[in-house]
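Each remark here refers to the structure printed beneath this line.
Bear in mind these aren't lab numbers, they're just calculated from the coordinates by the rules spelled out. Everything quoted here is computed from the prediction, not taken from an experiment. Virtual Cβ from ideal backbone geometry, glycine too; neighbours counted across all protein chains shown.
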Amino acid sequence: MVSHKHNRADDGLFPCQAELIGLFETLINVIFCAKDLDGRYVEVNSAFVRRTGSASKGSVIGSRAVDHFAPELAERYEHQDKEVVRSGQPLYDELELIRRPDGVLGWYLTTKLPVYGHADRDRPIGVVSVSRDLVAPSESDIGVHGLRSVVRHVQGHLEDRIRVADLATIAECSQTQLGRRMKRVFGVTTTQYILRVRVEAATRRLVETDDSIAVVAVRCGFYDQPDFTRRFARLTNSTPAQFRLAAQHQRDDGGSPAPS
């Protein structure tokens, strides 16, 4: 069993206010964590604990990402953290495909901010992160905002080049108006939505067919296999081949790899 040094926020190591932590406890679909410069968790909410499959907050505080996630995923998180600390610039709305505790894939938007101490406002002392679960909208929400034709077009033309300007024309609105509608209903930009649909289609083909990676790339609208692999890996932290192999292993073990 891994032993962790419990560096709690109330020890003064990290200036997270108790009221803020209490607020994040009420947000079921928002994963929150705070880390110090060594990448150790100094505060998390219950949603984060559930995502890691840990028994309690106490088993998470003082640990690092590598103690809870696959090495590739942990490496990606730590790289993001280091870049936020190095640059002092936030990371906003990073689209990620994450496997939930029940094994189902879900889309999240992640934002990370540098945190500064009271003594030195020029040097970050850590990072705070929130990942918001993008719950699928209802058909009525899609219809009310005039996006049904946009959804049908994207899903029916995956092999084609899909331009935001064309989707705006289909929705009979400006590109700016379309962007606002997409954010309101799907929680993502129009470009992110197109990529999301392409990747979802790719995950299904990888799991349900024996198509080569190159064929999956073309059928789902990616420029070529390298472009597909790069974009897929950025979102899922695994190559298409690794994703297919993991899904096969999960299926053999009796699990369900189907994406949400």
Quick one: which residues, 5+ away or cross-chain, put their amide H under 5 Å from the amide H of V115? H built at 1.01 Å from N. I125, G126, V127, V128
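Check each of the trypsin sites (Lys or Arg not before Pro) in the range 87-178 and keep only those in coil by DSSP with at most 15 other C-beta atoms within 10 angstrom; list them in order.
Working: sites: R99, K112, R121, R132, R148, R152, R161, R163; in loops: R121, R161, R163.
Filter output for the range 87-178: R121, R161, R163.
Could you list T209, T203 so that the one with the fewest beta carbons within 10 Å of its beta carbon is first and the one with the most is last? Don't skip to the end; give the middle numbers.
Numbers: T209 12, T203 24.
In increasing order of surrounding Cβ atoms, one gets T209, T203.
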Cross-link table K35/K82; K82/K183; K82/K112, entries beyond 19 Å C-alpha to C-alpha: K82/K183
Exposure-ranked with fewest Cβ neighbours within 10 Å first, H68, H79 stand as H79, H68
Percent antiparallel among DSSP beta bridges (both partners in the chain, rounded to 5): 95
Could you work out the pair-distance distribution P(r) of the chain from its alpha-carbon pairs, with 10 angstrom bin width and percents rounded to whole numbers? 6, 26, 31, 24, 11, 1
If you build a Gaussian network model of the chain, linking Cα atoms that sit under 10 Å apart, which residue out of G221, G53, G62 swings the most? G53
Expressed as a whole number of Å, what is the distance separating the alpha-carbon centroids of the range 70-110 and the range 125-193? 21
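Can you sort Y92, Y108, Y41, Y116 from fewest to most other Cβ atoms within 10 Å of each residue's own Cβ?
Working: Y92 10, Y108 20, Y41 26, Y116 15.
In increasing order of surrounding Cβ atoms, one gets Y92, Y116, Y108, Y41.
Using the Cβ atoms and a cut-off under 12 Å, what net charge is assigned to the surroundings of A171, where Lys and Arg are +1 and Asp and Glu are -1? Display every interim value, and only then the final one.
Numbers: positive: R148, R152, R180, R181; negative: D166, E172.
Net charge in that neighbourhood comes out at +2.
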